[in-house]
Amino acid sequence: MKELKLALLGFGNAGQAFGRMLLDHEEEIIKTYDTKVLVTAIATGSRGNLVCADGIDLQRALADLDVKQGGSGRFTDTGALSSLTTMEIAEQADYDVLVEMTPLNIATGQPAISHIEGAFKRGKHAITANKGPIAWAYSRLRDMAKEKGVQFYYETTVMDGTPVFNLTEHTLKMAKVTEVSGILNSTTNFILEELEAGADYEDIMERGRAMGFIEADPAMDIEGYDAAAKITALLNVLMDAGITPDQVKRKGIEDITVEDIRRAADRGKVIKLLCRGVRREDGSVEASVQPTEIDRSDMLASVNSTTSVVSITTNLMKKVSVVEHEPEIEQTAYGVFGDVLRVLEGR
Ligand SMILES: NC(=O)c1ccc[n+]([C@@H]2O[C@H](COP(=O)([O-])OP(=O)(O)OC[C@H]3O[C@@H](n4cnc5c(N)ncnc54)[C@H](OP(=O)(O)O)[C@@H]3O)[C@@H](O)[C@H]2O)c1
């Protein structure tokens, strides 16, 4: 039986859900691919790092971090605790695939870009759930992966495991993407809906936080930075836009009032934070994120809360839309899991 060794950089909500999915499907992977997938390194910010070339005890690592079930919140010393830093793990640990799941740095994409470059330099494959590298350095990383003959996948970076990049690559062959649009930020979706329903802003924020929709500091969502990073990632991959998030014409929902929403409703419209990218005549791509009035009869108007949508217009297939309905963390994990299966298929 063959082996595929993974180094997991970041082992938070997404990393742990991916770890559980891997354990649950261990036998099926062996049966299907005649390969045992081993996790040989795990890096975290504050819970310790684990490195073991023969495979880490994943069950144990998950139990250690499961504080609700009596775990300490830190890895216990079973001989795999390592003093290697995250970057040193990328550059030195024994693995075949680096899986980048550290927090997004929305301003630069670093250090995740360097982690992936560290893997490519060594001829290792990389998968990222972190959209920073795709938003800030996609073309460089794509070219480097090609030059090194390694695989590079990133399905989870936009709409979790929903096939957006896979769909376009595998089922829209030769079709040229001319426009991409979407509703990609659940926080702003939630706030706009609740405002329309008559809720008070402070109350919305409080409930949103309690439900896990809204971050302690929601500015990145409300001011459209998160949406800008997502549309940049989509445009870089689907339209080879070669842009960075600071080139997106961005306006958040911070100035939208209940009166704006009511006036739009009177005209049969709803306001959504719409992400859009379109090819200009000179070949470049114009990207925007802005609150937009959408006709109530439009499919986009019914995209609420954590549901999101991407519409892809091509020269050969016109407009195709993909909707992700109320994802949970398992759908994030599935994006990474599916990418690992692609690596197994491509070997
Ligand atoms: N959650 C989602 O629904 C979702 C969906 C799509 C994409 N993503 C992306 O996936 C990535 C992970 O998301 P998440 O929800 O799992 O975040 P999370 O729960 O905050 O976990 C982040 C993990 O990264 C670790 N970390 C922080 N700094 C690190 C460093 N310098 N080196 C190594 N590890 C480090 C954290 O360790 P400590 O806990 O010790 O700080 C934690 O294990 C992010 O880039 C996110 O944008 C998430």
Any pair with Cβ under 9 angstrom, 6 or more apart, that starts in the range 4-15 at a residue that is of a type in the set (Phe, Trp, Tyr) and ends at one that is near the ligand (Cβ under 6 Å from one of its atoms): Phe11/Ala43; Phe11/Thr44; Phe11/Arg47; Phe11/Met101
Filter pass, Val343 being closer than 27 Å to Ala129 by Cβ, at pLDDT 95 or above, in contact with a His (Cβ under 9 Å, 6 or more places away or on another chain) and not basic (Lys, Arg): yes
Those residues of the range 103-126 which are surrounded by 24 or more Cβ atoms within 10 Å (Cβ to Cβ) and within 11 Å of the ligand (Cβ to nearest atom), in sequence order: Gly109, Ala112, His115
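Applying the selection to the range 297-335, what residues are under 30 Å from Thr35 (Cβ atoms), in contact with a strand residue (DSSP E or B) (Cβ under 6 Å, 6 or more places away or on another chain) and among the hydrophobic types (A, V, I, L, M, F, W, C)?
Val322
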Enumerated helices (runs of 4 or more DSSP H) restricted to the range 153-221, each holding at least 3 residues that are within 16 Å of the ligand (Cβ to nearest atom) and closer than 29 Å to Thr102 by Cβ: 186-196
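Pick from the range 127-141 the residues that are without any contact (Cβ under 8 Å) to a residue 60 or more places away in the chain and part of a helix (DSSP H, G or I): which of them is nearest to the ligand (Cβ to nearest atom)?
Pro133
Can you tell me how many residues in the range 81-96 are in a helix (DSSP H, G or I) and in contact (Cβ under 8 Å) with a residue 12 or more places away in the chain?
Going through the range 81-96 one residue at a time, the tally reaches 5.
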Filtered residues of the range 5-44 (kept if among the hydrophobic types (A, V, I, L, M, F, W, C), closer than 14 Å to Leu58 by Cβ and either at pLDDT below 95 or part of a strand (DSSP E or B) (or both)): Leu6, Ala7, Leu8, Val37, Leu38, Val39, Ala41, Ile42
Qualifying residue in the range 97-119 (condition: touching a Ser or Thr at 6+ places or on another chain (Cβ under 8 Å), of a type in the set (A, V, I, L, M, F, W, C) and in a helix (DSSP H, G or I)): yes
Subset of the range 175-189 (residues that are farther than 27 Å from Ile261 by Cα and either modelled with pLDDT under 95 or of a type in the set (Ser, Thr, Tyr) (or both)): Thr178
Qualifying residue in the range 259-267 (condition: assigned to a strand (DSSP E or B) and touching a Leu at 6+ places or on another chain (Cβ under 7 Å)): no
Some residue of the range 60-74 being closer than 18 Å to Leu9 by Cβ and polar (S, T, N, Q): no
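Yes or no, residue by residue, for (1) surrounded by 13 or more Cβ atoms within 10 Å (Cβ to Cβ); (2) away from the ligand (no atom under 16 Å from the Cβ):
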{"residue": "Asp282", "(1), (2)": "no, yes"}
{"residue": "Glu286", "(1), (2)": "yes, yes"}
{"residue": "Gln290", "(1), (2)": "yes, yes"}
{"residue": "Asp339", "(1), (2)": "yes, no"}
Those residues of the range 41-60 which are within 11 Å of the ligand (Cβ to nearest atom) and touching a strand residue (DSSP E or B) at 6+ places or on another chain (Cβ under 8 Å), in sequence order: Ala41, Ile42, Ala43, Gly48, Asn49
Among (1) of a type outside the set (Gly, Ala, Ser); (2) surrounded by fewer than 17 Cβ atoms within 10 Å (Cβ to Cβ); (3) without any contact (Cβ under 8 Å) to a residue 60 or more places away in the chain; (4) touching a Lys or Arg at 6+ places or on another chain (Cβ under 8 Å) - the single one Leu316 does not satisfy: (3)
Criterion (surrounded by fewer than 17 Cβ atoms within 10 Å (Cβ to Cβ) and within 16 Å of the ligand (Cβ to nearest atom)) met by exactly one of Asp66, Asp34: Asp66
Ser305 within 16 Å of the ligand (Cβ to nearest atom) and surrounded by fewer than 20 Cβ atoms within 10 Å (Cβ to Cβ): yes
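The values are calculated or read from the model by the stated rules, or taken from the named source; none is laboratory data. On a predicted model such as this, the values are computed, not experimentally measured, just so you know. Cβ: placed from backbone, ideal geometry, glycine included. Neighbour counts: every protein chain shown.
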